[in-house]
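Visitor: Pasting a structure here, questions to come.
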Amino acid sequence: MSALTAIALAVLMHVAWNLLTRHAAPAAHFLWWAVGTHLALFGAWTIPRVIPPILADPVLALAVLVTGVANGVYFIALRHAYRLAPAGAVYPLARSAPLLVALGETLLFGRVLPAEAWFGVVLSVMGLWLIAFDTRAHAIGVRRALPFAALAALMTGVYSLSDKIAVLRLERIEDAIGFVSATFCIAWLVLTLELRAREGRWRPAARPRAVLVLAGGLTVGVAYALVIHAMRALPAAYAVTLANGGILLMVVLGMLWLNEREGWKRRLAGAGASAVGMAIVTLVAHKAA
C-alpha cells in the first residue's frame, strides 16, 4: 500500500469517528468507549506482535510511552474543548499541528523541507484557522476553548514526532496497528484515571449506541495506524498535513448533510486555502518519491 493510499483511507476513517464524536452526548465520553473498543477488537492479536521489539529496543519502548501519554492528554483536552465551543470550530484548531511537526523535524531530526513544502504546510494551517473562527457567535466559546485546543495541537505534535521515530522500526501495517494498540492501552488508562478524578467513577455515566461504539472502535485506531504507516515513506509533517483532509471533508458534509450553513463562506474559504496547501504538499511528496 502506498503512503498516499494509506492517507486517503485514514482520512475517510477519520471523518467517520469524528462525526460520531461530534454528535455523542458529553456524558457518554465517546472516545473512552471508542479507544476501549479498539483494544477489545485489535489488542489481543496485534499487541503480541510488538511486545518482543518493544522489550528489545528501549527507543521503541520510550516511543510507546510518549505517544500513549500524549494521546491520552490529547483526548482529554479535545473533550474539554468540545464542552466550551462547537466541535466544528475546535477541531481545526486542535489539528493545526503540522507546523509544529515541521519545526520539530527540522530542529530535532535535522530534516530540511523544501520551501514549497513549508508554504503548503503554513497555508493548510491558516485555512484551518479560518474554518475555526467562522462566526462571531462562536467567538467567545472558541476563546475559552483555545487553551484546550492548543494543548491538543501540542500533543498532536508530540505524538507525531514520537510516531516518526517508532515507524522506522515497524515494517508492516499490522505492526503499526500493534503499536497503536500498545499506546492506546496507556491513553485509555489516562482517560480512565481522569474520569475517576473528575466524576468519581471508573466508566462514563452513559453509553452511546452499540453500533456507534463499534464503528468508532473499528476506525479510530486503524486510521491512526495508517497515518503512522505512511510516515515510513513521508516526512511526519507531510503525513499529518494530508491526514487533515478529513477536516475539509467534514466541512463539506456539515454544510450538505448536517445543514451547518452559518458562516459557510468563511469556512469554505478556509477549506479551499487548506486544500491548496495540501495539494502543494502532495505534489512535493510525489516529486520526492
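The values are calculated or read from the model by the stated rules, or taken from the named source; none is laboratory data. This one's a predicted model, so the numbers in the text were calculated from it and none came from an experiment. Here the Cβ is made from the backbone with ideal geometry for all residues, glycine too, and neighbour counts use every protein chain on show.
Visitor: I'd like to know if region 85-96 contains one or more residues that are in a loop (DSSP other than H, G, I, E, B) and either among the charged types (D, E, K, R) or under 19 Å from LEU168 (Cα atoms) (or both).
Guide: Start the filter on region 85-96 by keeping residues that are in a loop (DSSP other than H, G, I, E, B), which leaves 85-86, 95-96.
Imposing the further condition that a residue be either among the charged types (D, E, K, R) or under 19 Å from LEU168 (Cα atoms) (or both) reduces the set to 95.
Yes, the conditions are met somewhere in region 85-96.
Visitor: Checking the conditions here, which among VAL222, VAL213, VAL281 is farther than 26 Å from GLY127 by Cβ and at pLDDT 90 or above?
Guide: Details: VAL213 fails: at pLDDT 90 or above; VAL281 fails: farther than 26 Å from GLY127 by Cβ.
The conditions single out VAL222.
Visitor: Working only within region 208-234, note down all residues that are buried (at least 16 other Cβ atoms within 10 Å of the Cβ) and either on the phi > 0 side of the Ramachandran plot or not hydrophobic (A, V, I, L, M, F, W, C) (or both).
Guide: Correct list: PRO208, GLY216, GLY217, THR219, GLY221, TYR224, HIS229, ARG232.
Visitor: Tell me, yes or no, whether region 191-209 has at least one residue that is at pLDDT below 90, over 30 Å from LEU55 (Cβ atoms) and among the acidic types (Asp, Glu).
Guide: yes
Visitor: For region 181-207, what are the residues that are touching a residue at least 60 places away in the same chain (Cβ under 8 Å), in a helix (DSSP H, G or I) and either surrounded by fewer than 13 Cβ atoms within 10 Å (Cβ to Cβ) or within 19 Å of the chain's Cα centre (by Cα) (or both)? Steps first, answer last, please.
Guide: First, the residues of region 181-207 that are touching a residue at least 60 places away in the same chain (Cβ under 8 Å): 181-192, 194-195, 203-207.
Now drop any that are not in a helix (DSSP H, G or I), which leaves 181-192, 194-195.
Once the filter is applied, which keeps residues that are touching a residue at least 60 places away in the same chain (Cβ under 8 Å), in a helix (DSSP H, G or I) and either surrounded by fewer than 13 Cβ atoms within 10 Å (Cβ to Cβ) or within 19 Å of the chain's Cα centre (by Cα) (or both), region 181-207 yields SER181, ALA182, THR183, PHE184, CYS185, ILE186, ALA187, TRP188, LEU189, VAL190, LEU191.
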